[in-house]
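Presented below is the structure to which this report refers.
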Amino acid sequence: MNRTPPSPQRAASLRREVARSVDAPASLLPVFNLLFKDMPSLGSSPRIVVNMLQRAGIGPRSSILDLACGKGAIAISAARRLRCSVVAVDACEAFIHEAVASATRANLAKRAAFIHDDARAFASRADPNRRPYDAALMLGLWGIIEARRALRPLVKPGGHYIIDDAFRDERLTRRAPEFHQIPTRAESLALLERDGDRVIEVDIPTPSRIRALNAALYRRLAANASAIARERPSLRPALSTFLENQRHANRLLGRELRPAIWVVRRAGFKKY
Ligand SMILES: C[S@@+](CC[C@H](N)C(=O)[O-])C[C@H]1O[C@@H](n2cnc3c(N)ncnc32)[C@H](O)[C@@H]1O
């Protein structure tokens, strides 16, 4: 695979995208290792996703791709439990460093490869001669349309792609046009089932499960943020903005926005 380094402008815009993807001001990027300390998973539950992969038939001879893998919790858990091989990509260098260290500690470095790259660039330069993946994941980065566009061509016919993206609650957002660009559950299903693909499973956590998960994540982030603020007082305003962004997102999740993990089987059963 040919790889030219991104231009300085592209690298800067990628850093901003990384910060936005976790609702953080870009000024906090240099302390991401401390801000997300002791948080191997940044969103989706590795247990739930790996169970889904297993039900989709992923096993020792399978290869999977995780685009925007964060610190690699899901990639490592899949390599360990399902004994599949994993390629995992993320644009945050600090997260990739941690993922490599965790895979090495778990003795899984041979089965789980981590690449510091832009998901968009990685997907667009995929080698047409490479055997397609049995499954590809994008959990918590792009919306359904963009995530599907990146993942689907990388998966073999009959293989699976998994997307974690919220839909909007139709009833609660009927009079809230600011949410109307986000698909409802039925619209998400229709978007995913184009070209003969089938949604074979969807995990929609109950509002109480979301509240419990978000409360635990928020407590950890708040503790990490205060530790940083003590050492780096100049970052206090950015840390407050970050925590306010997290509270705002948590207020919406489980109400107007319903998180969902969609497992989609790509049409066709060509033999490779
Ligand atoms: C909400 S986190 C989800 C991480 C992981 N999928 C999980 O569930 O734990 C979003 C991730 O997207 C990554 N990211 C943002 N923009 C990216 C891009 N253009 N290419 C690759 N990764 C990106 C961030 O670095 C971050 O790790």
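Please specify each residue of the range 194-205 satisfying the condition of being in contact (Cβ under 8 Å) with a residue 40 or more places away in the chain, more than 13 Å from L257 (Cβ to Cβ) and of a type outside the set (G, A, S). Please lay out each step first, then the result.
To start, the set of residues in the range 194-205 that are in contact (Cβ under 8 Å) with a residue 40 or more places away in the chain comprises 195-205.
Imposing the further condition that a residue be more than 13 Å from L257 (Cβ to Cβ) reduces the set to 195-203.
Once the filter is applied, which keeps residues that are in contact (Cβ under 8 Å) with a residue 40 or more places away in the chain, more than 13 Å from L257 (Cβ to Cβ) and of a type outside the set (G, A, S), the range 194-205 yields D195, D197, R198, V199, I200, E201, V202, D203.
Answer yes or no as to whether R149 is under 18 Å from the mean Cα position of the chain (by Cα), among the charged types (D, E, K, R) and open to solvent by 70 Å² or more (accessible area, probe 1.4 Å). When the stated conditions are applied, R149 passes them. Just so you know, in the range 127-144 the residues that are open to solvent by 20 Å² or more (accessible area, probe 1.4 Å) and more than 14 Å from the ligand (Cβ to nearest atom) include one that is farthest from R185 (Cα to Cα), and it is N129.
Evaluated against (1) closer than 21 Å to E201 by Cα; (2) more than 14 Å from the chain's Cα centre (by Cα), V86 falls short on exactly one condition, (1).
To keep it simple, each residue is scored yes or no on (1) in contact with a His (Cβ under 7 Å, 6 or more places away or on another chain); (2) assigned to a helix (DSSP H, G or I); (3) modelled with pLDDT of 95 or more; (4) closer than 16 Å to D23 by Cβ.
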residue: A225; (1), (2), (3), (4): no, yes, yes, yes
residue: Q246; (1), (2), (3), (4): no, yes, yes, yes
residue: R255; (1), (2), (3), (4): no, no, no, no
residue: W262; (1), (2), (3), (4): no, no, yes, no
residue: A267; (1), (2), (3), (4): no, no, yes, no
residue: Y272; (1), (2), (3), (4): no, no, no, no
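Applying the set (1) part of a helix (DSSP H, G or I); (2) free of Cβ contacts under 8 Å to residues at least 40 places away in the same chain; (3) open to solvent by 40 Å² or more (accessible area, probe 1.4 Å) to P5 leaves exactly one unmet item: (1).
Any chance the range 150-161 includes a residue that's touching a Leu at 6+ places or on another chain (Cβ under 7 Å), away from the ligand (no atom under 16 Å from the Cβ) and of a type outside the set (A, V, I, L, M)? The answer is no; no qualifying residue exists.
Annotation: of all residues in the range 208-243 being under 27 Å from R258 (Cβ atoms) and not hydrophobic (A, V, I, L, M, F, W, C), the one that is least open to solvent (accessible area, probe 1.4 Å) is N214.
Selection of helices (runs of 4 or more DSSP H) fully inside the range 20-120 by the criterion of at least 2 residues being open to solvent by less than 20 Å² (accessible area, probe 1.4 Å), within 15 Å of the ligand (Cβ to nearest atom) and within 23 Å of Y133 (Cα to Cα) returns 46-55, 73-82, 93-105.
The values are calculated or read from the model by the stated rules, or taken from the named source; none is laboratory data. Keep in mind that what you see is a predicted model, and the values were worked out from it rather than measured. Heads up, the Cβs are rebuilt from the backbone with ideal geometry, glycines too, and the neighbour counts pull from every protein chain shown. Accessible surface areas use protein heavy atoms only, side chains included; no ligands, DNA or RNA. Shrake-Rupley method; radii C 1.70, N 1.55, O 1.52, S 1.80 Å.
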